[in-house]
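In what follows, a structure is listed as structure tokens, so that the remarks can point back to it.
The values are calculated or read from the model by the stated rules, or taken from the named source; none is laboratory data. Since the structure is predicted, the reported quantities are computational estimates derived from the model, not experimental observations. We place every Cβ from the backbone using ideal geometry, glycine too, and count neighbours over all the protein chains shown. When the accessible area is computed, the model is the full protein with side chains, heavy atoms only, and any ligands, DNA or RNA have been set aside. Shrake-Rupley method; radii C 1.70, N 1.55, O 1.52, S 1.80 Å.
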Amino acid sequence: MDLQLEYIIQSLNNSKTVRSNGAEIWTARQLLSILAYADWTNFRSVLQKAISACENTGVFSNNHFREFTDMVEVGS
């Protein structure tokens, strides 16, 4: 297997959060870093394409993508 792909798979496994119902989740910030995107603007368009692809297959995207914001302290 390609070393870059192995790194991505290992990073995804190491950073996932497993909920009590067994669902595995990642935040966009985690994925941004793992997939080596330099900035949010480029990654946001990738997320939008993933959401569209999900919807185009007839799958309700809200079951797989949740939008939320974290508050940060001013000046951080």
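Worth pointing out:
- If you filter the stretch 33-47 down to residues that are of a type in the set (A, V, I, L, M) and closer than 18 Å to residue 65 by Cα, you find that the one that is surrounded by the most Cβ atoms within 10 Å (Cβ to Cβ) is 34.
- Filter result (modelled with pLDDT under 90 and basic (Lys, Arg)) within the stretch 45-76: 66
- If the condition is being open to solvent by 80 Å² or more (accessible area, probe 1.4 Å) and part of a helix (DSSP H, G or I), then the stretch 10-32 contributes 10, 13, 14, 29.
- Hits in the stretch 33-63 (condition: under 25 Å from residue 6 (Cα atoms) and part of a loop (DSSP other than H, G, I, E, B)): 35, 36, 37, 38, 39
- Some residue of the stretch 10-28 being without any contact (Cβ under 8 Å) to a residue 24 or more places away in the chain and at positive phi: yes
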